[in-house]
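Notes for the one structure printed next.
The values are calculated or read from the model by the stated rules, or taken from the named source; none is laboratory data. Treat the numbers as computed from the prediction; the structure is a model and nothing was measured. Cβ sites come from the backbone with ideal geometry, for glycine too, and all protein chains shown count toward neighbours.
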Amino acid sequence: MTPWGNDESGNLSADDAFAILANQTRFEIVQTLWELYEPDDPANVVKFADLYDGDNAVSFSELYDTVDYNDTGNFNYHLEQLTGHFVRQSDSGYELTEAGFEIVRAVLAGTVRERPRPDAVEIDANCPRCDAPVVADYENHHLSVSCSQCPGIWQNVTGEDGVLFTFPLPPAGLSNRTPDEVFYATLVFNLNRIRSFIDGVCPYCSGPVHESLDVCEEHDPRDRGGCPQCHRQHAVEVAEVCHQCKAVARGPLAIAILSHPAVAAFYHDRGFEHRFASWETFSRAQTVEESILETDSLRIRLTVPCEGDRLRLTLDESLSIVEAVQETSLERD
């Protein structure tokens, strides 16, 4: 089937987008259209059939007066530069496109204007490896959660171990939230995006995702520092890359497979709710055993434990499950 679009089909280049938005007046126009939009107004409830019907549009005169510009002709020029990609023009006036909303959301998320640094604090969660309390630390728009006692899963950038995860979270994610709530928000925010990557859709730009595996064939994990060859605790890592916007997600294969319906059903049948975007699922990923069965025609086995039973999954290089076998504790005995 012929693709609907390609890299050149009506797209605005990154250079052109940066040039358009670098002008202060143009950015004020985008900001003003956002400020005049009221999502709670019943008139602004979007219907899919008439997504942009002009109900939210702002007239030229109202927009001009609100921005408080002093040159009508020049203002119109700046508005024309935005129209088509960031602003939509209709008979009723002007309104933001989805791209325009995304620009404002990036600013409101705080990633381009804030760099908060709260103190590290112990939170209400336990390490999935040793059951000790864990500590959350927010810095450079990332939340790091580390075990207070054991080596954890990763090392941080300075070579210190104990890290369980480091996930991005915009400063807006801290707003009116306790440390425990920030911890929860970070997991939901990131694991849902990881699931989108796994499903082949970039959660940032909706572009296609290229998936690859990094297999350590001489894996020998240690308590501290991980394997000397790959510096990881896990032998197989999945890399998800969007070449359109250069977004990347990397992580253990166990995280990717825990989103599979067969795994959710396995837990459900044993009385456990299995929500992918949760600390429970992240913790369960640390109990999954992995083994490389073949390397020439890649075959990987993941063993998921629950209540003494096991789900053995055999995957090929495309991460397709080629075999799924459940084994109960009674069968092993």
### Query
Going by the conditions given, is Val163 surrounded by 18 or more Cβ atoms within 10 Å (Cβ to Cβ) and in contact with a Leu (Cβ under 7 Å, 6 or more places away or on another chain)?
no
## Note on the structure
Exception for Arg275 within (1) free of Cβ contacts under 8 Å to residues at least 24 places away in the same chain; (2) touching a Ser or Thr at 6+ places or on another chain (Cβ under 8 Å); (3) farther than 20 Å from Arg195 by Cβ falls at (3)
### Task
For residues that are among the β-branched types (Val, Ile, Thr) and either modelled with pLDDT under 80 or more than 20 Å from Asp296 (Cα to Cα) (or both), tally how many sit in the range 214-241.
1
### Query
Quick check: anything in the range 197-214 over 23 Å from Leu311 (Cα atoms), in contact (Cβ under 8 Å) with a residue 40 or more places away in the chain, surrounded by 13 or more Cβ atoms within 10 Å (Cβ to Cβ) and over 12 Å from the mean Cα position of the chain (by Cα)?
yes
### Hits in the range 242-270 - residues which are under 15 Å from the mean Cα position of the chain (by Cα) and either assigned to a helix (DSSP H, G or I) or at pLDDT 95 or above (or both)
Ile255, Ala256
### Task
Check off (1) crowded, with 16+ Cβ neighbours inside 10 Å; (2) over 29 Å from Pro118 (Cβ atoms) for Gln229 and give me the number that stays unchecked.
(1)
### Task
Name the residue, out of Pro179, Pro168, that is under 21 Å from Ser278 (Cβ atoms), within 18 Å of the chain's Cα centre (by Cα) and modelled with pLDDT of 90 or more.
Pro168
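Listed here are the residues, each with its yes/no results for (1) assigned to a strand (DSSP E or B); (2) free of Cβ contacts under 8 Å to residues at least 24 places away in the same chain; (3) outside the structural domain of Ala22 (by TED's automatic domain parsing); (4) within 24 Å of Ala249 (Cβ to Cβ).
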{"site": "Arg88", "(1), (2), (3), (4)": "yes, no, no, no"}
{"site": "Gly100", "(1), (2), (3), (4)": "no, no, no, no"}
{"site": "Arg115", "(1), (2), (3), (4)": "no, no, yes, yes"}
{"site": "Glu122", "(1), (2), (3), (4)": "yes, no, yes, no"}
{"site": "Leu143", "(1), (2), (3), (4)": "yes, no, yes, yes"}
{"site": "Gly162", "(1), (2), (3), (4)": "yes, yes, yes, yes"}
{"site": "Phe167", "(1), (2), (3), (4)": "yes, no, yes, yes"}
{"site": "Ala172", "(1), (2), (3), (4)": "no, no, yes, yes"}
### Task
Restrict the check to the range 284-292 and report whether at least one residue is surrounded by 12 or more Cβ atoms within 10 Å (Cβ to Cβ), of a type in the set (Gly, Ala, Ser), under 13 Å from Ile255 (Cβ atoms) and touching a helix residue (DSSP H, G or I) at 6+ places or on another chain (Cβ under 7 Å).
yes
### Query
Taking Val248 and the conditions (1) surrounded by 15 or more Cβ atoms within 10 Å (Cβ to Cβ); (2) out of contact with any His (no Cβ under 9 Å at 6 or more places or on another chain), which numbered condition does it fall short on, given that it satisfies the others?
(1)
### Query
Any residue at all in the range 271-292 that is assigned to a strand (DSSP E or B), in the same structural domain as Ala324 (by TED's automatic domain parsing) and in contact with a Lys or Arg (Cβ under 6 Å, 6 or more places away or on another chain)?
yes
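Conditions (1) loosely packed, with under 14 Cβ neighbours inside 10 Å; (2) modelled with pLDDT under 80; (3) within 25 Å of the chain's Cα centre (by Cα); (4) of a type outside the set (Gly, Ala, Ser), marked per residue:
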residue: Ala43; (1), (2), (3), (4): yes, yes, no, no
residue: Tyr64; (1), (2), (3), (4): no, no, no, yes
residue: Asn70; (1), (2), (3), (4): yes, no, no, yes
residue: Glu80; (1), (2), (3), (4): yes, no, no, yes
residue: Tyr94; (1), (2), (3), (4): no, no, no, yes
residue: Asp119; (1), (2), (3), (4): yes, no, yes, yes
residue: Glu122; (1), (2), (3), (4): yes, no, yes, yes
### Message
Looking at Val248 and the list (1) outside the structural domain of Glu327 (by TED's automatic domain parsing); (2) touching a residue at least 24 places away in the same chain (Cβ under 8 Å); (3) closer than 30 Å to Glu181 by Cα, which single condition is not satisfied?
### Response
(2)
